[in-house]
Amino acid sequence: MATLYLVSTPIGNLGDLSSRAAQVLGSVDRILAEDTRRTRVLTDHVGVGVQLVSLHAHNEAERTARVLEWLDEGENLALVSDAGTPLVSDPGGRLVEAVWERGHSVVPIPGASAVLAALAASGLPAERFTFLGFPERKGKGRVDLLDRVSRSQETVILFESPRRLVPLLGALAEVCGPGRRVAVARELTKIHEEFVRGTLEEVSRYYSEHPARGEVTVVIAPAEADPEDDERRAEGGRALARELLSEGMTPSRVAKEVSRRFGVPRNSAYRIVHQLEDG
């Protein structure tokens with residue numbers, strides 16, 4: 001059984017490549033790269049001379065068959081994207097599924113992530129979040145995404161190109177309200193790294209006057225909680241808990257189901273269950 005390593009690479013600063021990642025890149029038989037030219041800069045930096053093979057969105061389907069043959073022959077391989085963690089808004093999903101189905105190992109090598117770096121430094125709630133990648137440029141998909149962001153009870157993270165940043169912020173201000181908090185992280189880990197925080201209206205105005213350049217990550221605060229919605233969820237949770245307890249389900253499992261189905265915080269779900277048991 002051979003191994004496909006999913007190696008996270010720096011998102012800007014080459015110093016962020018871990019020693020483990022460098023060791024794996026130097027030990028495999030081939031490196032599958034989204035853009036071999038960009039990956040060559042990284043491998044040259046760490047002194048790795050392993051053969052690079054292109055695997056990108058346009059050739060993943062046909063390349064997967066060849067990759068499986070290499071693994072069947074006992075070769076260990078590494079998959080990298082141009083920057084960050086493979087498969088996160090990058091190709092590779094079809095390949096990983098095929099490798100699992102073939103019976104080979106898939107091993108992640110964690111590292112830099114624009115999603116987590118932007119979230120951690122944004123100053124916005126980080127306990128629960130949703131990553132939605134790049135928004136569609138138009139059509140129903142874009143409308144649905146904007147609506148989802150506007151209603152989200154979790155922090156939402158998006159990628160966007162610098163030239164489409166202002167239109168995105170404007171659209172978000174329309175559906176979320178101009179006062180929703182946002183943080184835009186630009187050029188993370190690079191020399192010109194920048195965080196701009198404020199309301200959607202304020203940040204949109206800033207980038208209208210100071211056009212963005214480079215890689216952009218947008219972090220949007222959750223919608224303000226609606227007390228009526230909270231009560232409706234709690235009522236639904238109580239009804240479900242009552243039903244599941246009557247069926248003999250254990251209190252801990254009932255609490256987990258209430259939390260999962262109604263989005264009730266875990267501690268609140270346990271409180272609901274215990275109140276029903278005591279009542």
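The values are calculated or read from the model by the stated rules, or taken from the named source; none is laboratory data. Keep in mind it's a predicted model, so treat the numbers as computed, not measured. Glycine also receives a Cβ, built like all others from the backbone with ideal geometry; neighbour counts cover every protein chain displayed. Accessible surface is based on the protein model in full, side chains and every heavy atom, while ligands, DNA and RNA are left aside. Shrake-Rupley method; radii C 1.70, N 1.55, O 1.52, S 1.80 Å.
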(message) Go through (1) without any contact (Cβ under 8 Å) to a residue 24 or more places away in the chain; (2) in contact with an Asp or Glu (Cβ under 8 Å, 6 or more places away or on another chain) for Asp144 and report which single condition fails.
(response) (2)
(request) Name the one entry in Tyr270, Tyr207 that is in a helix (DSSP H, G or I), in contact with a strand residue (DSSP E or B) (Cβ under 8 Å, 6 or more places away or on another chain) and either aromatic (Phe, Trp, Tyr) or over 22 Å from Leu146 (Cα atoms) (or both). (result) Tyr207
(request) Would you mind telling me which numbered condition in (1) surrounded by 17 or more Cβ atoms within 10 Å (Cβ to Cβ); (2) of a type outside the set (Asp, Glu); (3) part of a loop (DSSP other than H, G, I, E, B) Leu172 fails? (result) (3)
(request) Residue by residue through segment 40-49, note down the ones that are open to solvent by 20 Å² or more (accessible area, probe 1.4 Å) and either touching a residue at least 40 places away in the same chain (Cβ under 8 Å) or assigned to a loop (DSSP other than H, G, I, E, B) (or both). (result) Val46, Gly47, Gly49
(request) Just one of (1) open to solvent by 50 Å² or more (accessible area, probe 1.4 Å); (2) not in a loop (DSSP other than H, G, I, E, B) trips up Gln153, so point out which. (result) (2)
(request) All but one of (1) within 21 Å of the chain's Cα centre (by Cα); (2) more than 25 Å from Gly12 (Cα to Cα) hold for Ala83, so report the exception by its number. (result) (2)
(message) Being buried (at least 16 other Cβ atoms within 10 Å of the Cβ) and modelled with pLDDT of 95 or more is true for just one of Glu209, Glu194, Glu160. Which residue is that?
(response) Glu160
(request) Hey, could you check segment 18-28 for residues that are farther than 8 Å from Ala78 by Cα and not basic (Lys, Arg) and say which is least open to solvent (accessible area, probe 1.4 Å)? (result) Ala21
(request) Please specify each residue of segment 239-256 satisfying the condition of being closer than 25 Å to Gln153 by Cα and buried (at least 18 other Cβ atoms within 10 Å of the Cβ). (result) Leu240, Ala241, Val254, Ala255
(request) List the number of the failed condition for Ala221; all other conditions in (1) open to solvent by 70 Å² or more (accessible area, probe 1.4 Å); (2) touching a Ser or Thr at 6+ places or on another chain (Cβ under 8 Å) hold. (result) (1)
(request) Could you look through segment 144-162, keep only residues that are more than 16 Å from the chain's Cα centre (by Cα) and polar (S, T, N, Q), and pick out the one that is farthest from Gly123 (Cα to Cα)? (result) Ser161
